[in-house]
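**Student:** Here's a structure for you.
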C-alpha cells in the first residue's frame, strides 16, 4: 500500500528499463558456476512444468528496477531477496492453480477488471486509499491513478495488472471450492456428541518417565525393526537439508584502528567547541546522526573524563574517550536548575481487581475512607507509617512506606499527583484524586538540583581494511591446513576459536544462527560436497570457514538421522510391554496404585473432545478407549503415548440424542469452509509437487 501512496502523490515517474544484455550477463555468470548434471536454464518445476531462469530473472529485475526508478527506493540485498521470494511464490501459484482456474471456466473480462479498480466493486486495498469527502471511494481519483501508473510506470503497471487479475481469478476459484463443501447431519451429530458427552472416571497411570531409559537395553535388531516399521510414517518424513560446522573469525578493530578513530575525533574537538550550530555539527559528524541534549549522570565516563565533564564550563568539550568500542567527544551544552519535591502518600484505590472503575457509590465510600485517614494523619503525622501499612492499596507503597523519593516535573507520575507536590508548601497534607484513586499526601521536602546537559559526537571503532586483510589471512591459512571435519574441530579448539554446529539446514533457509549477512555461507553450503572445507566466507564483520558434514535427502530418513529419537521410542515400547505384563488383570485401583508407588487420580466431568487426561496426559487414543467403557467397568491396561493406564468408569453421560444440532451444523460448516478457502492453493501445490533449485543460483 505504501507503493500505491507514492505513485498517487507523484505526477511524473521515471521508468526503469532493464536491458537484455544485463539479463544475459547475469545468466552467463550463473550458468558458468553450475555443473552439467542438470538443466542449467531451469530454476525449478511445478507439476513437471519448468520455471525458466530467464523468465524468473526478468520478473525479478523488472520489480527491483521498479522499486529503484519508480519509487526512488534503495535496492538492498534484503529487498532483492524479498522480491525473489515474492516472484517465486507468484510463479509457483500461477502454474499450480491458474490452469485449474481456467479449466473451471473462470475468466476476467475488461469490464469486470475496470469494475474492481474504479467501478462499483472496488478492491479493498484501493477503497481505503482513495476516499472522497464522503468517506466513499473516489472513482475519479482511482481512474487518474491507474492512468498515471500506465503512462509513467509501465513496468510497475504490468506487475500490478497481472497481480490484480490473477488474484481476482484465484478468489473466484476458492469461492467455488468453499461453496462446494458441506456438512451432513451425521457429522454435525458427531461434533455435538464430542462437545456434550461427559465422563467421570478414576485411573492409575504408570508413566514411562518414572524409570530411567538405561534400564531397558535396545539392540541393533530392535532398532532396525522399529525403523523398518516407522521410517515412512508421515511424521518422520524429512525435508532436504544439510548439516555443517563453521569456525568464526571475528574482525574487530585493532589498537591501531582505535588510535586512528581517536585521532580523527581529536581533530574535530576545536571545531566542536567553536561550532555556531551544534545540532548541524553533531548530525554531520556523529555515527549516530542524531542530536539530543541529555543529562549527564556522574560516573558514566571513566574516572578522569568523568571529573573533566562534571567540572567543565558550558561550551567546553571533553574527549575523545572510549566507552567500549564507542569513541566520544562530549560538549557541556547547558547547566539547568531542576526543582524537585519529595512526598509520601497512602492510596485508596477506586479500581476493582480487573482494573475497571468502581461505581459512583463505591467511590464515595472510598473518598470517605481517604478523608478519615487524612484526619488521623493531621492529628499525628508520626502515625503515617502505621496508617500506610494498614490502608494503602499501592503495591509499591507497601514496601517503601509510600515514599518514592525526590522527583522532578518530568517524572512519569500522573499530573494531579505532581501538581500537588510542587504547588503546595513543605508540611502540607491533603487528599488528591487521580485516575488511580484518592491519595492521602504529605509534602516532605523540596530542593533544587543542578543538571548538567551534554551533547555528543560519537564514532564506533571499525576494523580497517588492513585488519580485514589480516583476519582473512588467518582464516585462509586455517582452511588450507585443515581438510576434514575432525581437523577443523581440533584446530579450532587448539586456537580458542568458536565452532558452531548447524543441523537440518534447509535449502530454502536464509538465516544462519550466529551470523549476520550469511548469504555467502548459504551459497557455499548449498553447493558443496560432503567433507569439503570452504575458503574464508564473509559474514558481515566476520569471516567463517565451513565444513559440510552431511546431506539429507527429502523423504524417509536414514537410520543414523533418527537413531536417537527411534531409540527412545523403542525404549517406550519396552516399558509399555513391561508395565502391561505387570498390571495385567488387576482391577483394584487402590491396591494397584500402592503397588506402583503412586495414587489413584480422578478425572471429573471430562468432555469427550478434550483429548487430554487431567495431570498432563495428552492421549487421543486412550481417551477414545476410556469413553467406550460402561459405568462401573474397569479397563484392561491401556497403552498411551505418556503412560500405561488402568481406568474405572464412574459415570458416563451421553449427549442428548434428540437435541437439535442445526447450530452445530452451521458452526462446523463455517469452519470447514474456512479451511477449504485457506487450503486450496496448498493442496494444489502439494499435489503438483514443487522442485525448487533456487539455492543453486542464489
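**Student:** Any chance you could check the Cα centroid distance between the stretch 338-388 and the stretch 198-256 for me, in angstrom?
**Tutor:** Cα centroid of the stretch 338-388 versus Cα centroid of the stretch 198-256: 58 Å apart.
**Student:** 7 Å from Cα along Cα→Cβ at both residue 68 and residue 125: what's the point-to-point distance in nm?
**Tutor:** 2.3
**Student:** What is the spin-label model distance, in nm, from residue 551 to residue 659 if the labels are put 7 Å beyond Cα along the C-beta direction?
**Tutor:** Each label point is offset 7 Å from its Cα along the Cβ direction, giving 5.8 nm.
**Student:** Please find the FRET efficiency linking residue 474 to residue 530, where r is the Cβ-Cβ separation and R0 is fixed at 30 Å, and quote it to the nearest 0.05.
**Tutor:** Using R0 = 30 Å, I get an efficiency of 0.70.
**Student:** Quick one: plug the Kirkwood hydrodynamic radius of the stretch 512-591 (C-alpha pairs) into Stokes-Einstein at 37 °C, 0.692 mPa s, and report D in µm²/s.
**Tutor:** 192
**Student:** Taking the structure as given and computing Rg and Dmax of the Cα atoms in Å, which label from (i) 36.3, 97; (ii) 26.0, 89; (iii) 29.1, 92 fits?
**Tutor:** Label (i) holds the value from this structure.
**Student:** Right, something else. When the Cα centres of the stretch 657-688 and the stretch 413-481 are compared, how far apart do they sit, in Å?
**Tutor:** 53
**Student:** What ranking of 341, 204 emerges when the number of other C-beta atoms within 10 Å of each C-beta is taken as an exposure proxy, fewest first?
**Tutor:** 341, 204
**Student:** For the stretch 194-347, list log₁₀ I(q)/I(0) at each q in 0.10 Å⁻¹, using the Debye formula over Cα point scatterers of equal strength and ignoring solvent, two decimals each.
**Tutor:** -0.66
**Student:** Return the calculated 222 nm mean residue ellipticity for the chain, to the nearest 500 deg cm²/dmol, obtained by summing -39500 (n - 2.57) across DSSP H runs with n ≥ 4 and dividing by the residue count.
**Tutor:** -14000 deg cm²/dmol
**Student:** Still on this model: Within 10 Å of each residue's Cβ, count the other Cβ atoms and sort 236, 311 from fewest upward.
**Tutor:** Going from sparsest to densest Cβ surroundings: 311, 236.
**Student:** Another one. Can you give me the distance in nm between label points at residue 81 and residue 326, each placed 7 Å from the Cα along the Cα-to-Cβ direction?
**Tutor:** Output for this residue pair reads 2.7 nm.
**Student:** Between the stretch 593-611 and the stretch 73-87, what's the alpha-carbon centroid distance in Å?
**Tutor:** When both Cα centres are located, 55 Å separates them.
**Student:** By counting other Cβ atoms within 10 Å of each Cβ, how are 369, 289 ranked from fewest to most?
**Tutor:** 289, 369
None of the figures in this text is laboratory data; all of them are computed from the coordinates on show. In this text, all values refer to a predicted model and were calculated from it rather than measured experimentally. Reconstructed Cβ throughout: ideal geometry from the backbone, glycine too, with neighbour counts over all protein chains shown.
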